[in-house]
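Report on the following structure.
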2 protein chains.
Amino acid sequence: MADPEDNEKAASSQESATSTKRSSSEADTPVNTKKHRPKDESPDEQIAQTPRPPYYAVIFTSLRNTTTTTSETEAYGKTAQRMVELARQQPGYLGVESARDGLGITVSYWKDLPSIRHWKQNCEHVQAQENGIQKWYSAYTTRIALVERDYSM
Amino acid sequence: MADPEDNEKAASSQESATSTKRSSSEADTPVNTKKHRPKDESPDEQIAQTPRPPYYAVIFTSLRNTTTTTSETEAYGKTAQRMVELARQQPGYLGVESARDGLGITVSYWKDLPSIRHWKQNCEHVQAQENGIQKWYSAYTTRIALVERDYSM
């Protein structure tokens, strides 16, 4: 999960996710009640158990570089796993969901923009982002989004 | 893409995505410049080319029902493809990204909340949502999120 979330400007322009108001008509909306995923669950096969909105999503969509060498691919796998472990230790981390099927989509969830900025600036994560740009990805898009509501089956 | 986006309450409580202000410091932020993906590109292997934020994302994360019969799985595949084609014809549609790797993640992008509500209420889509709940998915979460910024490589 080498997500190069460059959110500093967004973070400086809106420091909190708590300013979004929920209408009273949403009081009966089904929401997730579990606050956190257990540490031992695989992040790749689970739906993130996030708290009641508002909170933030970082949607990272990528295409892998098809000219990557075997050793670079191995390094990518190790780094991706390490980034998931590291992200879980960060303040404001709420969960992650990831799938790759040609296109890769990783959505990480965060309490607020400062939490995303803090993770973005983590030293190990910075190195992973640089490797992602230089070696692993042929294209990517990162979107920072405020989750206003959610519901589950 | 049988996404049961039940966004009516969100749509009624906030009718427009245009209320989010961008700070002047974001003027030099890299953004996607292509407004729309060509109709003949595969939605499963492309990064959506969305306009400048703000716009909306519907993040649909799902786990497939492992007891689904072969005919139900075939019907799912056909319906998923049909829903992508149908979504593209809707007003306010901006793009879609999809990947499945155990966990399935589909992110569709929309101009505003009324566009999402309109798509949610499409007759064919309503039927697909019901089939998704009854046959295809063992679990899903849908999140409605306002994309505040994005950038690409």
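None of the figures in this text is laboratory data; all of them are computed from the coordinates on show. Quantities reported herein were computed from a predicted structural model and do not represent experimental measurements. Every residue, glycine among them, receives a Cβ derived from its backbone with ideal geometry; neighbour counts consider all protein chains shown.
Do me a favour and compute the ellipsoid semi-axes for the range A:46-153 from its Cα gyration tensor, root of five times each eigenvalue, largest one first, whole Å. Let's see the in-between values first.
Values: eigenvalues 125, 48, 29 Å².
Equivalent ellipsoid of the range A:46-153: 25, 16, 12 Å, largest first.
Please state the shape class of the range B:62-102: rounded when a/c is under 1.5, otherwise prolate if a/b exceeds b/c and oblate if not, all from the C-alpha gyration tensor.
Working: a/c = 3.68, a/b = 1.84, b/c = 2.00.
Judged from the Cα gyration tensor, the range B:62-102 comes out oblate (a/c at least 1.5, b/c at or above a/b).
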Next item on the list: Give a residue-ordered list of calculated ³J(HN,Hα) values for the range B:54-66 (Karplus: 6.51 cos²θ - 1.76 cosθ + 1.60, θ = phi - 60°; whole Hz; x for Gly, Pro).
Entry: x, 7, 10, 10, 10, 9, 10, 10, 9, 10, 6, 6, 6
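Once you've got the Cα coordinates, tell me which of A:78/A:120; B:78/B:111; A:78/B:78; A:78/B:135; A:111/B:111 are over 29 Å apart. Don't jump to the answer; show the numbers that get you there.
Working: A:78/A:120 19 Å; B:78/B:111 26 Å; A:78/B:78 36 Å; A:78/B:135 36 Å; A:111/B:111 25 Å.
Pairs exceeding the cut-off: A:78/B:78; A:78/B:135.
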Notebook entry, point to check: Over what distance in Å are the Cα centres of the range B:127-153 and the range A:75-115 separated?
Noted result: 18 Å
Check: Which distance in nm do the two modelled labels at residue B:127 and residue A:81 give, with both placed 7 Å along the Cα-to-Cβ direction?
Finding: 4.6 nm
Check: For the range A:108-125, in order, what is each residue's ³J(HN,Hα) by Karplus, 6.51 cos²θ - 1.76 cosθ + 1.60 with θ = phi - 60°, in whole Hz (x at glycine and Pro)?
Finding: 10, 10, 9, 5, 7, 5, x, 5, 5, 4, 4, 5, 4, 8, 4, 4, 5, 5
Notebook entry, point to check: With each pseudo-label sitting 7 Å past Cα toward Cβ, what's the residue B:72-residue A:52 distance in nm, one decimal?
Noted result: 3.4 nm
